[in-house]
Amino acid sequence: MRSRQRMFAAVMRLLLKCLRLGRRRRFKLVRHVEQLWHYGHLCLRSLLYNSFTNGDVVLDSLFEPVYWLVDHVTRWFGVVFVALVIGLTSSIVAIVYICLLPLILQTYTPAWICWHLAYGHWNLIMIVFHYYMAITTSPGHPPQAKNDLTGVSICRKCIAPKPARTHHCSICNRCVLKMDHHCPWLNNCVGHYNHRYFFSFCLFMTMGCIYCSISGWEMFRDAYAAIERMKLLEKERLQVAANQTYYQTPPPTFSFRQRAFHKSVVYLWVLCSSVALALGALTLWHAALITRGETSIERHINRKERQRLQKKGKVSIAHGMGAGWGRARHDAPLPVLQVFKNPYSYGSWDNWKVFLGVDVPRHWLTRVLLPSPHLPHGTGLSWDLPPCVMEQRTPLLAI
């Protein structure tokens, strides 16, 4: 009996030792995994740590593969987009000359005929001229060799001098002077030397589309009603033809020429209205940027710089206030924060004069309302005071 008890006690002690040993090993394994996890997390944070990292940087990093894909696709599809612009514009012009112009000459009064002929051809000439100049004019590139330019940085991708307002285009793989953006519809960058051509093309194309939409509204309504009537009569004709022999089938109600005419008018109005809305919004956006003396890239840079200075308490949030002094409750003078201002802005009116190259009043006719290949102010390498700006407006805070 005692031997059995001793044997049972020995077995129990052995079992308890095994359980304790397994528990220790399990705890050691869990502890080892936790240490490896914390070590890996620390290494990852140390490799990715950056004091300037914020939500925008993380979002840009996540979208970097998308940017790479867009850059390479845009480079190859630029020619297709240019051909599409030329093809669609040519189709609208052909419809106007073949379908609408004979109708205008037959039904309109001489005064309206003269107005349509003069305005339509002037608008068409301005569109063709500015689009041709926008796609063939180089936006301007900084020199690759070392020069005596002051206040320039070095492009990290070109390893070449990078003047003020110059940015690197990943699609063209070159730095562009006063770069605004890369336009796939031009297959070219919009920069210092062709920015005016790009904006003028957008403006006159929008004006032309609005002109066609307003002028062709009544024709569009009649053509749309005629097409609906064609569909109804065609349906009735097929129902009648189903109960008759082949030789008794009635001829079509509308001829091919009539069908083509009505469908062309509908196509013209829908395309012009869609382009007027989309391109009109883009034109208004660039007009606002020109009024502020900024480009699309500089708008984001200035916004981030303004937010950074506001967080540091160096600029005021209100944009209409200037520098000065205030009074606290106890009559203690307190400095009013300065207002952030774009250093390349000369005021709304002067910004437009500099952008359009208007030096004297007659230039509004010869350089704005008529085709003009004049060069913009400056070389894009330095930004001196243009001659059309009377007085210098020194910014309080500039970047």
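Being within 30 Å of residue 223 (Cα to Cα) and either modelled with pLDDT of 90 or more or assigned to a helix (DSSP H, G or I) (or both) holds for only one residue in 119, 132, and it is 119. Can you name the residue in segment 347-373 that is in a loop (DSSP other than H, G, I, E, B) and open to solvent by less than 30 Å² (accessible area, probe 1.4 Å) and, of all such residues, is farthest from residue 202 (Cα to Cα)? Ranking the qualifying residues of segment 347-373, first place goes to 347.
How many residues are outside any helix (DSSP H, G or I) and either open to solvent by less than 70 Å² (accessible area, probe 1.4 Å) or touching a residue at least 24 places away in the same chain (Cβ under 8 Å) (or both) if we restrict to segment 264-316? Before the answer, list the steps.
As a first pass, look at segment 264-316 and keep what is outside any helix (DSSP H, G or I): 293-295, 312-316.
Then keep just the ones that are either open to solvent by less than 70 Å² (accessible area, probe 1.4 Å) or touching a residue at least 24 places away in the same chain (Cβ under 8 Å) (or both); that gives 293-295, 313-316.
Counting residues in segment 264-316 that are outside any helix (DSSP H, G or I) and either open to solvent by less than 70 Å² (accessible area, probe 1.4 Å) or touching a residue at least 24 places away in the same chain (Cβ under 8 Å) (or both) gives 7.
Do the conditions hold for residue 150, that is, is it open to solvent by 40 Å² or more (accessible area, probe 1.4 Å), over 20 Å from residue 352 (Cα atoms) and at pLDDT 90 or above? No, not satisfied.
Pairing residues of segment 84-110 that are over 18 Å from residue 271 (Cβ atoms) with residues that are of a type in the set (Phe, Trp, Tyr) and in a helix (DSSP H, G or I), at Cβ distances under 8 Å and at least 6 apart in sequence or on separate chains, gives 104/112.
Could you list all residues from segment 153-172 that are in a strand (DSSP E or B) and hydroxyl-bearing (Ser, Thr, Tyr)?
Here is the first cut: in segment 153-172, the ones in a strand (DSSP E or B) are 153-154, 161-162, 167-169.
153 - this is the single residue of segment 153-172 that is in a strand (DSSP E or B) and hydroxyl-bearing (Ser, Thr, Tyr).
When restricted to residues that are assigned to a loop (DSSP other than H, G, I, E, B), surrounded by 19 or more Cβ atoms within 10 Å (Cβ to Cβ) and of a type outside the set (A, V, I, L, M), segment 173-183 contains 2. With respect to the conditions (1) at pLDDT 85 or above; (2) assigned to a helix (DSSP H, G or I); (3) open to solvent by less than 20 Å² (accessible area, probe 1.4 Å), residue 225 lacks only one, and its number is (3). Residues in segment 94-115 that are surrounded by 13 or more Cβ atoms within 10 Å (Cβ to Cβ) and farther than 23 Å from residue 260 by Cα: 113 only. Of the listed requirements (1) of a type outside the set (Val, Ile, Thr); (2) part of a loop (DSSP other than H, G, I, E, B); (3) open to solvent by 60 Å² or more (accessible area, probe 1.4 Å), residue 141 misses just one: (3).
Take residue 6 and decide whether it is more than 30 Å from residue 132 (Cβ to Cβ), more than 22 Å from the chain's Cα centre (by Cα), at pLDDT below 70 and open to solvent by 100 Å² or more (accessible area, probe 1.4 Å). Before the answer, list the steps.
On the way: more than 30 Å from residue 132 (Cβ to Cβ): yes; more than 22 Å from the chain's Cα centre (by Cα): yes; at pLDDT below 70: no; open to solvent by 100 Å² or more (accessible area, probe 1.4 Å): yes.
Taking the combined requirement at face value, the residue does not satisfy it.
Quickly run through segment 184-206 and pick out the residues that are open to solvent by 30 Å² or more (accessible area, probe 1.4 Å), aromatic (Phe, Trp, Tyr) and touching a helix residue (DSSP H, G or I) at 6+ places or on another chain (Cβ under 7 Å).
To start, the set of residues in segment 184-206 that are open to solvent by 30 Å² or more (accessible area, probe 1.4 Å) comprises 184-185, 187, 193, 203.
Retained after the next criterion (residues that are aromatic (Phe, Trp, Tyr)): 185, 193.
Correct list: 185 only.
Among 61, 91, 51, which is the only one that is open to solvent by less than 90 Å² (accessible area, probe 1.4 Å), at pLDDT below 80 and more than 25 Å from the chain's Cα centre (by Cα)?
On the way: 61 fails: more than 25 Å from the chain's Cα centre (by Cα); 91 fails: at pLDDT below 80.
None of the others qualify; the one that does is 51.
The values are calculated or read from the model by the stated rules, or taken from the named source; none is laboratory data. Keep in mind that this is a model prediction, so the values were computed, not measured. With ideal geometry, Cβ positions are generated from the backbone for all residues, glycine too; neighbour counts draw on all protein chains shown. For accessibility, only protein heavy atoms count, side chains too; no ligands or nucleic acids. Shrake-Rupley method; radii C 1.70, N 1.55, O 1.52, S 1.80 Å.
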